[in-house]
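Q: Structure incoming, see below.
The values are calculated or read from the model by the stated rules, or taken from the named source; none is laboratory data. Source: prediction; values computed, not measured. Glycine gets a Cβ as well: all are built from the backbone with ideal geometry, and neighbour counts include every protein chain shown.
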Amino acid sequence: MKKSLAVIAVIVLVALLPVIGNKAVKNAVEDRLASLQNEGLAFKLQKEDKSYLKTHLFYTVTVKDEEKFMRYLQEFSSQQLPAYTKSLVDGVEFGVDITYSNIPMSEKLVLEFYPTKFSESTMDSLQKEDKGLYELISDLLTKKALFYHIEYDVTSGEFNGYMKDLDEHFKVDGKNDVHFVFKGAKADGKGQLLAPERFHSHVDKIVAKITQGTQKLDLDVEGFASSASFASKTSYVSSSKIEKFRFTLDEVQDGNDTKVVLNLDKFAVEGSSDTQGEDADFYLKTSLKKGDMIEGAQVFHVENFRFDGALEGVEKESFLKLQKIFQEQRQNVAQQEMEEAFMKIFSHGAKLKIAQFSLDAIETPQTQKIDGFAISLDAQLKPDPDFAIKLKKDPNLFAKNIQARSKLDFSKEFYAFINTVYPLDLMFAPYKEEKNDHVFFDVEYDAGVLKINDKLVK
């Protein structure tokens with residue numbers, strides 16, 4: 001009998017799991033929506049479909065308090081939001097579909113959202129000023145073209161999703177032809193959707209072709225990827241990569257064809273800011289495999305550009321104070337407040353390191369393809385607690401507190417080219433060293449004393 005009761009209890013418990021799970025997940029969803037409603041959003045449940053195993057909820061979402069929602073968005077940004085952001089969210093309505101399994105933790109929560117309308121004032125203005133653009137936006141809203149799909153793991157906070165492909169032809173002002181393509185957009189990450197701790201996105205292709213009278217503009221981007229991870233608004237690591245970037249501006253006027261072309265292959269940039277320790281540290285690394293700038297018969301070409309640099313040991317409190325001043329664009333900031341912050345930074349000292357700044361090859365309208373250069377730098381602004389007091393007595397103190405070592409390696413062809421632009425040899429010919437078609441400078445600077453290749457510069 002006891003075994004039979006136990007079996008029945010297990011069966012009842014399993015049978016009730018979807019009911020319990022439905023209630024638990026729905027409560028979690030409603031709690032999250034309630035917190036967002038406190039930040040200026042309004043949610044209205046339009047439809048609820050429940051089966052034994054799944055639940056589907058459909059909400060409409062609007063911004064009911066633009067000021068409050070703008071303040072909420074600003075919490076996640078270290079930069080001041082653009083002034084037009086408010087007008088973009090004003091009156092916008094989104095449709096949000098939420099689907100989840102009634103069995104706890106068996107499947108991810110699925111979110112699908114898309115704009116369903118813009119404010120009446122925006123649409124009325126568009127209808128009067130540009131009927132073609134009005135009809136396009138109305139069509140995009142009707143067919144849910146701006147559609148996002150996200151699968152969210154409630155337990156781990158991890159998510160992944162995609163945006164619906166776009167391929168649209170339309171006219172602006174009734175005469176300018178536009179073709180826009182946005183394909184293969186995917187993303188994944190972890191954390192809150194509005195402010196994830198980690199976020200990665202990839203877009204296979206972005207195309208924009210615009211014809212305006214005698215002008216044609218073509219933009220073609222392939223393999224765009226970006227990643228970011230955040231410990232706070234000021235501590236982050238971010239990177240972006242583009243496999244191919246093509247931009248062409250072509251104008252035919254009075255029988256003359258003027259064309260400007262910019263091509264980039266394998267462009268990457270990575271930056272980070274770390275303010276979690278006692279000091280603030282910043283890092284930047286960028287590279288470009290190949291780049292072309294062509295204007296008519298004029299060609300500017302580079303190969304294998306690299307930069308890898310770091311600024312370390314910046315006095316954190318003063319840096320954050322200055323950052324806040326600049327971000328808030330405060331007009332009434334006392335000059336003394338900024339000067340004190342800068343003085344603290346200079347008194348604390350800092351280190352600037354450029355591990356690599358190089359270019360393998362370059363071609364310009366004035367030269368054929370030639371070898372480039374390689375530069376490194378290790379510099380330090382020495383700590384000096386009495387910096388502010390000494391600076392008033394001796395304005396040259398800043399230079400005296402600098403210690404640096406730099407190595408410069410130019411190909412002879414590149415050095416000759418630089419001399420046509422800026423006559424370096426007038427000053428540095430007695431100090432340069434030459435070997436195997438290269439020109440070298442080993443530069444040392446310490447407390448106002450400058451040496452180049454062990455020769456004192458007077």
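Q: Would region 391-402 turn up any residue that is of a type in the set (Lys, Arg) and either within 36 Å of the chain's Cα centre (by Cα) or in a loop (DSSP other than H, G, I, E, B) (or both)?
A: Among the residues of region 391-402, not one is of a type in the set (Lys, Arg) and either within 36 Å of the chain's Cα centre (by Cα) or in a loop (DSSP other than H, G, I, E, B) (or both), which makes the answer no.
Q: What's the total number of residues in region 342-365 that are surrounded by 19 or more Cβ atoms within 10 Å (Cβ to Cβ) and in a helix (DSSP H, G or I)?
A: The total comes to 4.
Q: To continue, here is another question. Which residues, counting only those in region 38-49, are touching a helix residue (DSSP H, G or I) at 6+ places or on another chain (Cβ under 7 Å) and among the charged types (D, E, K, R)?
A: If the condition is that a residue be touching a helix residue (DSSP H, G or I) at 6+ places or on another chain (Cβ under 7 Å) and among the charged types (D, E, K, R), then 39 is the only one that fits.
Q: Is it true that some residue in region 364-373 is in contact (Cβ under 8 Å) with a residue 12 or more places away in the chain, within 24 Å of residue 306 (Cβ to Cβ) and out of contact with any strand residue (DSSP E or B) (no Cβ under 8 Å at 6 or more places or on another chain)?
A: Checked region 364-373: at least one residue is in contact (Cβ under 8 Å) with a residue 12 or more places away in the chain, within 24 Å of residue 306 (Cβ to Cβ) and out of contact with any strand residue (DSSP E or B) (no Cβ under 8 Å at 6 or more places or on another chain).
Q: Return only the number of the condition from (1) in contact (Cβ under 8 Å) with a residue 60 or more places away in the chain; (2) under 27 Å from residue 355 (Cβ atoms) that residue 240 does not satisfy.
A: Unmet for residue 240, out of (1) in contact (Cβ under 8 Å) with a residue 60 or more places away in the chain; (2) under 27 Å from residue 355 (Cβ atoms): (1).
Q: Kindly establish whether residue 441 is surrounded by 13 or more Cβ atoms within 10 Å (Cβ to Cβ), out of contact with any Phe, Trp or Tyr (no Cβ under 6 Å at 6 or more places or on another chain), touching a residue at least 40 places away in the same chain (Cβ under 8 Å) and farther than 21 Å from residue 400 by Cα.
A: No; evaluated as a whole, the condition is false for this residue.
Q: Return the total of residues in region 155-183 being over 22 Å from residue 29 (Cβ atoms) and either more than 24 Å from the chain's Cα centre (by Cα) or assigned to a strand (DSSP E or B) (or both).
A: 19
Q: Could I ask something else about it? Here are the criteria: (1) surrounded by 13 or more Cβ atoms within 10 Å (Cβ to Cβ); (2) in contact (Cβ under 8 Å) with a residue 40 or more places away in the chain; (3) under 37 Å from the mean Cα position of the chain (by Cα). Tell me which single one residue 410 does not satisfy.
A: Result: residue 410 passes all but (2).
Q: Name every residue in region 209-247 that is more than 21 Å from residue 308 (Cβ to Cβ) and basic (Lys, Arg), in order of residue number.
A: Matches in region 209-247: 209, 216, 233, 244, 246.
Q: What are the residues in region 110-141 that are over 27 Å from the mean Cα position of the chain (by Cα) and over 23 Å from residue 64 (Cα atoms), if any?
A: 127, 128, 129, 130, 131, 132, 133, 134, 135, 136, 139
Q: Turning to a different aspect of this structure: Taking residue 30, is it modelled with pLDDT of 50 or more, out of contact with any His (no Cβ under 8 Å at 6 or more places or on another chain), surrounded by 12 or more Cβ atoms within 10 Å (Cβ to Cβ) and farther than 21 Å from residue 152 by Cα?
A: no
Q: Here's another thing I want to ask about it. Pairs please, first residue from region 287-310 and closer than 15 Å to residue 364 by Cα, second anywhere and not in a strand (DSSP E or B), Cβ atoms under 8 Å, 6+ apart in sequence or on different chains.
A: 298/365; 299/365; 300/365
Q: Quick check on my filter: what residues within region 378-389 are touching a Leu at 6+ places or on another chain (Cβ under 9 Å) and surrounded by fewer than 17 Cβ atoms within 10 Å (Cβ to Cβ)?
A: 378, 379
Q: What are the pairs, 6+ residues apart or on separate chains, where a residue within region 338-350 that is closer than 15 Å to residue 385 by Cβ has its Cβ under 8 Å from a residue that is in a helix (DSSP H, G or I) and among the acidic types (Asp, Glu)?
A: Matching pairs, first to second residue: 344/317.
So that you can scan it fast, the table gives a plain yes or no per residue for (1) outside any strand (DSSP E or B); (2) of a type in the set (D, E, K, R); (3) modelled with pLDDT under 90; (4) farther than 19 Å from residue 267 by Cα:
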| site | (1), (2), (3), (4) |
| --- | --- |
| 193 | yes, no, yes, yes |
| 222 | no, yes, no, no |
| 226 | no, no, no, no |
| 234 | yes, no, yes, yes |
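Q: Only one residue in 385, 423, 430 is assigned to a loop (DSSP other than H, G, I, E, B), under 22 Å from residue 364 (Cβ atoms) and free of Cβ contacts under 8 Å to residues at least 60 places away in the same chain. Which one?
A: Exactly one residue qualifies, and that residue is 423.
Q: Which of the following residues is touching a strand residue (DSSP E or B) at 6+ places or on another chain (Cβ under 7 Å) and closer than 30 Å to residue 257 by Cβ: 295, 312?
A: Going through 295, 312 in turn, the sole match is 295.
Q: Taking only region 145-175 into account, find how many residues are more than 16 Å from residue 109 (Cα to Cα) and surrounded by 15 or more Cβ atoms within 10 Å (Cβ to Cβ).
A: Of the residues in that region, 8 qualify.
Q: Let me ask something else. Restricting to region 99-153, count the residues that are among the charged types (D, E, K, R), more than 24 Å from residue 186 (Cβ to Cβ) and touching an Asp or Glu at 6+ places or on another chain (Cβ under 8 Å).
A: 2
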